[in-house]
Amino acid sequence: MIPRVESSNEGNKILPTLSLSLWFCSSSYYYFYHFNVFKREMNALMWRWSLAGLILLSILANGMMDFDEMEFLNDLNETKVFQKESESGAANVLMVGLTLVQAAAAKGAVCLDGSVPGYHLHRGCGTGANNWIIQLQGGAWCDSIEDCQNRKRSSYGSSTLMEKELAFIGILSNKTAENPDFYNWNKIKVRYCDGASFSGDSENKAAQLQFRGKRVFLAVMEDLMAKGMCQAEQVLLNGCSSGGLSSILRCDDFKSLFPPTTNVKCMSDAGFFLDAVDISGDHSLRRMYSGVVKTQGLQNTLPRTCTSHLDPTSCFFPQNIIDQVKTPLFIINSAFDSWQIENSIAPPSADPSGSWHNCSSSFRCNASQEQFLEGFKMSMLNAVKTFLMSSKNGVFINSRWAHCQAERQDTWFPGNSQAGGDKGIAVAVGDWYFERAKN
């Protein structure tokens, strides 16, 4: 394929691109950069990016696909449509019923309180009938026995307290106008009830706690296989926040469930948590992760490719494991991730005076705070350099103050997109998944 050359309309440098490229846009400026010059030019270009700019590293696309297949409601598995306002203000939000995996109890695949796990399934149709998208729910972690005991008294630790229906929007939407590439796929949301990103396999009998997240993941997948996923042609495992971390940790396990003929890929949304230094010079998130690892005994279940040379807590951080993931993986994250700023960079424990409150809670930052966050952004970009050396992988990092962008309609696929302009994260993910390249 002959490399395509793109340039802005303001006389900026014309830079050649191949299929693995760096795409970042600021206002009306679009630059395409070949990855081989990424390392050499990154520092020089970094300071030219505005906070409103987007940084997209992925396989480039031909553009939007057109669908003239009729949408219709599939009533299988208690799926319903209600007249309800979603985050984006759209009516007719798809509400999907909860399915409990009763057979999981015999396998010891249970939530923190010992109840069976659950998921929400909306059946695919038409050309998507044999394609599956599985989303692992997020919801932080529990890092002590007391914390996990409190958690088991919520929907994040017990299926007896889970909502009976959840709204499917963003990447789980069943509308072509909101989710053009995956709208008619089988869509599943797996409920999160173990507190350790589907990674534990132990128990604390004295505290009456079950740490069986890894078993829960496998039991739910087995149940879905029996419902037709074993015949899937294309599958995408994804998750948001702690669920995004889960999709990285469980990615190769997921791939191993399918024959080589199935196109299996994974995506992490807002799950790229950095082992960052907070404003006090401490490592707040590392301290939390250390508690999660020790409480649930994750040293026995985290990737051995990592624990063979790093401590278990380090192996709960995506930056230390993504390079060893064999299955194609796409990372979506904000360089100014709102959760990480508030809980890892400037948590209350590191900011007793509250001087960072406006910045961490609403992104109203002064000059010195902005400079600190620029350093965080640089750390995130540096952490994915080696990962992107493999053409099977992709990354979309933008500069929004946001968290979990594939689950929001306004960030996943904005309805006000203009032809030839930025159409949101959905296009980037679709381009990567289907390996659409510009000719």
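None of the figures in this text is laboratory data; all of them are computed from the coordinates on show. Model, not experiment: these values are computed from the prediction. Quick reminder, even Gly has a Cβ in these numbers, built from the backbone with ideal geometry, and neighbours come from all protein chains shown.
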Length gained when the stretch GLU233-ASN92 is fully extended (0.36 nm per residue, less Cα-Cα span) | 47.8 nm
Given a Förster radius of 51 Å and the C-beta distance between GLN208 and MET389 as r, what FRET efficiency does 1/(1 + (r/R0)^6) yield to the nearest 0.05?
-> 0.65
Give LYS107/LYS205; LYS214/LYS265; LYS214/LYS294; LYS175/LYS214; LYS164/LYS189 a once-over and call out the pairs whose C-alpha atoms are over 22 Å from each other.
-> LYS175/LYS214
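Would you work out if segment 272-426 is rounded, prolate or oblate? Take a ≥ b ≥ c from the square roots of the eigenvalues of the alpha-carbon gyration tensor; rounded if a/c is under 1.5, else prolate when a/b is larger than b/c, oblate otherwise.
Here segment 272-426 falls in the oblate category.
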Within segment 178-216, DSSP-loop trypsin sites (Lys or Arg not before Pro) with at most 11 other C-beta atoms within 10 Å are LYS205
Paramagnetic reach from SER144 in segment 338-358 [backbone N under 20 Å; point 7 Å along Cα→Cβ] | 343-352
Counting only Cα, what are the radius of gyration and maximum Cα-Cα distance Dmax of segment 124-249, in Å?
-> 15.7, 52
Taking a ≥ b ≥ c as the square roots of the Cα gyration tensor eigenvalues, with a/c under 1.5 meaning rounded and otherwise prolate when a/b beats b/c or oblate if not, segment 187-279 comes out oblate
First check a/c for segment 264-309, with a ≥ b ≥ c the square roots of the eigenvalues of its C-alpha gyration tensor; if it is under 1.5, answer rounded, and if not, answer prolate when a/b is larger than b/c or oblate otherwise.
-> oblate
